[in-house]
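Remarks on the structure that follows.
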Amino acid sequence: MHQLTPYVPGEQPKIRNLIKLNTNENPYGPSPKALNAIEIEAGNSLRLYSDPSSERLVNAITQYYKLKPQQVFVGNGSDEVLAHTFQALFQQDKPLLFPDITYSFYPVYCKLYRIEAETIPLNSNLEISLSDYLQPNGGIIFPNPNAPTGHGVGLGEIEMLLKKNTDSVVVVDEAYVDFGGESAVTLINEYPNLLVIQTFSKSRSLAGLRVGFAMGHEELIAGLIRVKDSFNSYPLDSIAISGAAAAIQDKTHFEYTRKRIITSREQLTVELEGLGFNIIPSQANFLFVTHPQYVAADLAADLRVRNIIVRYFNKPRIDQYLRITVGTDDECKTLVDALKEIIKNESNHEG
Ligand SMILES: *Cc1c(COP(=O)(O)O)cnc(C)c1O
């Protein structure tokens, strides 16, 4: 186990009054209907084991996306769904393909399950170009929109890939799709090798409840269920099943909060561009930004001093970028004011 390199999540500081723009959490609370369902569930019935097949939640997802229950798999956060996917669907003699800059849990699962991987570089605009994935492989996975860039690929490009890549499983990790991307879930009836993974953590503001799900052909789902039943029969507790089912049924809260975040993202983009930042057009609830005159790591440290945390990745190609979660309008304003001050001070030093 010495060879394992664990995933390092964004900081979850214990200090109060921090503006936390580092882990893409939703600044608005979960659906009140979800909270109510959770409260009702938190009673004497917790002495019983939860439903091992999470039927109530599977049915709610089935209704929302007009699928059959055999096409839906739920897990303890999409990280767990991803882990089972790597183990059940990517154990091949050819390498798994994913972008060089992407969700950093993918290489971690490759090591854990001893899956050979080959990274495909993003193009010079830091975009995924799916035509680069047309080569022998034991599976393909990418987030859409990608993390940490926020760039999304269109359904046309995904369909092109699925038409040409028919011998291995293609996984689209749609953690951020509700903030402006196009979901590939509409393609699963046509392409039996497509698996779409989503989460309740971002657009439904339930990161702490730990619920994720996968949608795809029933044979892919059966493979995931086999691994799950060999690992943990009750990955979702009763509270998570009830809360998530109520959350996906509450379309009003979902639409209202996600639209607010999209509006704030567009506003924040304009303001940061006004300060000289270059920004990759984002379809997610975060911005990936770089400033031609300022060192990204220094900006992150200067913001930290002002009680604002953003995510900095000390990695090749992206070490001059910051990933900033879109917060409430107040939080965005505090961020912009702090950056104005930092930039002004630094120019004074230079002058
Ligand atoms: C946040 C995130 C996840 C993990 O979501 P959980 O459901 O909270 O485990 C998966 N993939 C990507 C790309 C993410 O950003």
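Taking the criterion of being in the same structural domain as Ile40 (by TED's automatic domain parsing), farther than 20 Å from Cys332 by Cα, within 19 Å of the chain's Cα centre (by Cα) and touching a residue at least 60 places away in the same chain (Cβ under 8 Å), would at least one residue in the range 217-232 satisfy it? Checked the range 217-232: no residue is in the same structural domain as Ile40 (by TED's automatic domain parsing), farther than 20 Å from Cys332 by Cα, within 19 Å of the chain's Cα centre (by Cα) and touching a residue at least 60 places away in the same chain (Cβ under 8 Å). Could we say that Ala214 is under 22 Å from Ala147 (Cα atoms), within 23 Å of the chain's Cα centre (by Cα), part of a loop (DSSP other than H, G, I, E, B) and of a type in the set (Gly, Ala, Ser) here? The answer is no for Ala214.
Among the residues making up the range 66-102, a single one is under 21 Å from Ala207 (Cα atoms) and of a type in the set (Phe, Trp, Tyr): Phe73.
Quick one: is Phe277 of a type outside the set (Asp, Glu), in contact with a His (Cβ under 7 Å, 6 or more places away or on another chain) and farther than 30 Å from Ser168 by Cβ? Considered against the rule, which asks whether it is of a type outside the set (Asp, Glu), in contact with a His (Cβ under 7 Å, 6 or more places away or on another chain) and farther than 30 Å from Ser168 by Cβ, Phe277 comes out as yes.
So which residues in the range 2-49 are farther than 27 Å from Asp178 by Cβ and within 16 Å of the ligand (Cβ to nearest atom), if there are any at all? Listed by number, the list holds a single entry, Pro6.
When Ser205, Ser282, Ser230 are screened for being hydroxyl-bearing (Ser, Thr, Tyr) and over 26 Å from Pro69 (Cα atoms), only Ser282 passes.
Of all the criteria given as (1) away from the ligand (no atom under 11 Å from the Cβ); (2) crowded, with 24+ Cβ neighbours inside 10 Å; (3) farther than 18 Å from Tyr103 by Cβ, the one not satisfied by Arg204 is (1).
Residues that are buried (at least 21 other Cβ atoms within 10 Å of the Cβ) and not in a loop (DSSP other than H, G, I, E, B) were ranked within the range 186-201; the one that is farthest from the ligand (Cβ to nearest atom) is Leu194. Of the residues Ala37, Ala88, the single one that is in the same structural domain as Gln198 (by TED's automatic domain parsing), over 17 Å from Ile248 (Cα atoms) and among the small types (Gly, Ala, Ser) is Ala88. Reported count of residues in the range 140-179, each being more than 14 Å from Tyr191 (Cβ to Cβ) and not in a helix (DSSP H, G or I), is 18.
On inspection, Ile262 fails the criterion of being more than 12 Å from the ligand (Cβ to nearest atom), in contact with a His (Cβ under 7 Å, 6 or more places away or on another chain), more than 30 Å from Glu41 (Cα to Cα) and not hydroxyl-bearing (Ser, Thr, Tyr).
For every residue, the table says whether it meets (1) surrounded by 18 or more Cβ atoms within 10 Å (Cβ to Cβ); (2) touching a residue at least 60 places away in the same chain (Cβ under 8 Å); (3) in contact with a Leu (Cβ under 7 Å, 6 or more places away or on another chain).
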position	(1), (2), (3)
Glu39	no, no, no
Asn59	no, yes, no
Val72	yes, yes, no
Asn76	yes, yes, yes
Tyr106	yes, no, no
Tyr113	no, no, no
Thr119	no, no, no
Leu122	yes, yes, no
Phe142	yes, no, no
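Within the range 124-140, the residues that satisfy the criterion of being among the hydrophobic types (A, V, I, L, M, F, W, C), surrounded by 16 or more Cβ atoms within 10 Å (Cβ to Cβ) and closer than 28 Å to Gln87 by Cβ are Ile128, Leu130, Ile140.
Tell me, please, whether a residue that is more than 12 Å from the ligand (Cβ to nearest atom), closer than 18 Å to Ile140 by Cα and of a type outside the set (Val, Ile, Thr) can be found in the range 172-179.
No, the range 172-179 has no match at all.
Can you pull out the residues in the range 223-264 that are among the aromatic types (Phe, Trp, Tyr) and in contact with a Phe, Trp or Tyr (Cβ under 7 Å, 6 or more places away or on another chain)? Scanning the range 223-264 gives a single hit, Tyr234.
The values are calculated or read from the model by the stated rules, or taken from the named source; none is laboratory data. Keep in mind that what you see is a predicted model, and the values were worked out from it rather than measured. So basically every Cβ, Gly included, is an ideal-geometry build from the backbone, and we count neighbours across all protein chains shown.
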